[in-house]
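Here is the structure we will look at.
The values are calculated or read from the model by the stated rules, or taken from the named source; none is laboratory data. Please read all numbers here as calculations on a predicted model, not as lab measurements. Neighbour counts run over all protein chains shown; Cβ positions are idealised from the backbone, glycine included.
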Amino acid sequence: MVSYIIKRSLLSIPLLVIISFLTFGLNNLSPLDPVEVILHAQGVPTITDELIVETKAALGMDRPFLIRYLNWFVSCLQLDFGNSYVTGKTVWSLLAPAFLNTLKLTLISAAAIIALSIGLGVISALREGKMTDKSIRGVSFFLTSMPPYWLAALMVWYFSVQLDLLPTSGMDSYESYILPVIVITISYTGIYFRMVRSSMLSNMNEDYVLYGRASGLPEKKITMHILRNSLQVAISVFCMAIPIILGSTVVVENIFAWPGLGTLSVKSILSRDFPIIQAYVLVLAMAFVLFNTVSDIINAAMNPKLRKGH
Amino acid sequence: MAILEVANLKIWDSQTGKVIVPGSSFHVKQGSCLAIVGESGSGKSLTCRAIMRLNKTGIRQSGDILFNGVNLTELPEKDMRKRRGKQLCMILQNGMRAFDPSCVVGVHLRETLACHFGWGREEITAKMKRAMESVMLKDPIAVMNMYPHQLSGGMLQRIMIALTLVLEPAIVIADEPTTALDTISQFEVVEQFIQLREKMGCSMIFISHDLGIVRKIADDVLVMKDGEIVDRGTSQIIFSEAAHEYTRYLVSSKQALNDHFKRLMGGVSLVER
């Protein structure tokens, strides 16, 4: 098991290098000259060709692509992502708090999504075809079909404006979490609950369930066996849900003015703030690689076939 | 005296309304072995699962199933559950899939024995060890700590037989227990089934489409075709002077295959051994 963890973790290193190269390379393909962006942001009235050449040399941007990439890569390893073109602050000082805010929102939502999906999935599978199952599926289908921005607007209108119970935006107290978490949870639970349900149902048709029943085991014990086998698939999908939510809070964050990654990235993209965009893409890609590795390791720990290397 | 009496058993699919078994009646004599033979899809397995009341939710059944004078169809689910395993024990076709793939096989053995007898861990291990040794499983403690995928189909089949030995049920229902095995393991497992009957004197329902094995183990034979019982009788009569055309067809095609096999192998037949 330990050797598997080491092997799996080492495998993700080349992946990270490739990702960093792609991130830097793709940004480099942009037709916009970053130097012009910087000069504009600094409020230089007339941008002459000499000025551009001078600034380029000062920032080291006249050097070949590979050297610039290596410099950037080495400083990224030291958590130095450069300075924002627009504000001049270090990218780290902007990105770190935004990342933490989004992470808080993501983790709370993920916990709610996982708990709800497993709970509803199990109930629905055990009551397959009955009213409970049908109504859970109907309601979840209805809610998941609503786009998050529409759902968020409805929630704000009802809970904040009509009832005046919850704040409309910002991140001031624990109350501010409620609406965004509900919106994110609703938009994902419908998908993940279906997966738990169908995984439970396919396991319920397995022979081991029949043999358990034929041996006179109580239903509770049999359900635990089904759950254990169903969750093996679900856990890796849940692990991947966390980076997916991290990267897709843009809409919700913008509606609720959440000071997180989504808000920051949209702002940076609009102002062509390349260092922040690069760092944002890199951090998200790393999150994907990290959670993918973790989910593989958890899966191996739960699945004896993988664990023993068969 | 009949230990199990099935009367007018009808099985149908409630969703499509299709009748799978229109109405079977048969009985199993105390201490004897009844074989149910027939092609796949003839309703053999459904009949057995109906006795255990373990068919899938969409499959409905009616009729009476008298076990030791008690009508199983009228029992509450809780009482039926207590009888499963302890009095009516089932052995499945595919050992590889009969155990939870993410637990060692010992988990199923312990859970089953603990819920029927309330034994502790040591007692269960000791009893299972003895039973597993008697079905020729070497190193039973190590086997109990292995996952199903680490064991062979024949070994898992013998683990099920060993569990049956400890449970000491009044009737064993074996649903094609040799179909998923290669010829050598088949031979070993059939030997264990014969010994199982000798040791416990239990009654047995043995589903198979392998007439060679049926001939070895069964006292009485039921022949099923498209859900109906087309022929019945003692093993000798069925194999020598079958009344129904379909039975004669089954026996003669088996004979033809066997002769062909004998010719190929130069006079040796494994199944007949």
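Below, the figures for the structure above:
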| item | result |
| --- | --- |
| Number of the exception - B:C89 against (1) under 22 Å from A:S202 (Cα atoms); (2) in contact (Cβ under 8 Å) with a residue 60 or more places away in the chain; (3) of a type outside the set (K, R) | (1) |
| Tally, over segment B:104-151, of residues that are under 26 Å from B:T183 (Cα atoms) and without any contact (Cβ under 8 Å) to a residue 40 or more places away in the chain | 10 |
| Selected residue [among the hydroxyl-bearing types (S, T, Y), modelled with pLDDT of 85 or more and more than 20 Å from the chain's Cα centre (by Cα)] from A:S93, A:S3 | A:S93 |
| Test: residue in segment A:106-122 that is within 14 Å of chain B (Cβ to nearest Cβ), touching a Lys or Arg at 6+ places or on another chain (Cβ under 6 Å) and either farther than 30 Å from A:Q78 by Cα or among the acidic types (D, E) (or both) | no |
| Test result for A:L201, at pLDDT 90 or above and not in a helix (DSSP H, G or I) | no |
| Failed criterion for B:F206 (all others in (1) within 13 Å of another protein chain (Cβ to nearest Cβ); (2) closer than 23 Å to B:T47 by Cβ; (3) buried (at least 23 other Cβ atoms within 10 Å of the Cβ) hold) | (1) |
| Matching entry among B:R83, B:R97, B:R121 (being modelled with pLDDT under 90, touching a helix residue (DSSP H, G or I) at 6+ places or on another chain (Cβ under 8 Å) and among the basic types (K, R)) | B:R97 |
| Search result, residues across segment B:49-59 that are more than 10 Å from chain A (Cβ to nearest Cβ) and in a helix (DSSP H, G or I) | B:A50, B:I51 |
| Within segment B:112-145, tally of residues that are hydrophobic (A, V, I, L, M, F, W, C), more than 22 Å from A:G216 (Cβ to Cβ) and either within 14 Å of another protein chain (Cβ to nearest Cβ) or not in a loop (DSSP other than H, G, I, E, B) (or both) | 3 |
| The listed residue being touching a strand residue (DSSP E or B) at 6+ places or on another chain (Cβ under 9 Å), more than 7 Å from chain A (Cβ to nearest Cβ), small (G, A, S) and surrounded by 18 or more Cβ atoms within 10 Å (Cβ to Cβ), out of B:S62, B:S42 | B:S42 |
| Within segment B:167-273, strands (runs of 3 or more DSSP E) holding 2 or more residues that are of a type in the set (V, I, T) and touching a helix residue (DSSP H, G or I) at 6+ places or on another chain (Cβ under 8 Å) | B:171-175, B:203-208, B:220-225 |
| Residue in segment A:216-225 that is touching an Asp or Glu at 6+ places or on another chain (Cβ under 8 Å) and either under 30 Å from A:S169 (Cα atoms) or surrounded by fewer than 21 Cβ atoms within 10 Å (Cβ to Cβ) (or both) present | yes |
| Looking only at segment A:264-286, and only at residues there that are among the small types (G, A, S) and surrounded by 19 or more Cβ atoms within 10 Å (Cβ to Cβ), the one that is farthest from the chain's Cα centre (by Cα) | A:S268 |
| Count - residues of segment A:173-208 that are basic (K, R) and surrounded by 22 or more Cβ atoms within 10 Å (Cβ to Cβ) | 1 |
| Whichever residue in segment A:123-139 is within 14 Å of another protein chain (Cβ to nearest Cβ) and outside any loop (DSSP other than H, G, I, E, B) and, among such residues, is surrounded by the most Cβ atoms within 10 Å (Cβ to Cβ) | A:A125 |
| Residue ID - nearest to A:S230 (Cα to Cα), chosen from residues in segment B:79-100 that are outside any helix (DSSP H, G or I) and facing chain A (nearest Cβ under 7 Å) | B:D100 |
| For A:G262: the one exception among (1) among the small types (G, A, S); (2) touching a Ser or Thr at 6+ places or on another chain (Cβ under 6 Å); (3) within 14 Å of chain B (Cβ to nearest Cβ) | (3) |
| Residues (surrounded by fewer than 19 Cβ atoms within 10 Å (Cβ to Cβ) and part of a loop (DSSP other than H, G, I, E, B)) located in segment A:229-263 | A:S248, A:A257, A:P259 |
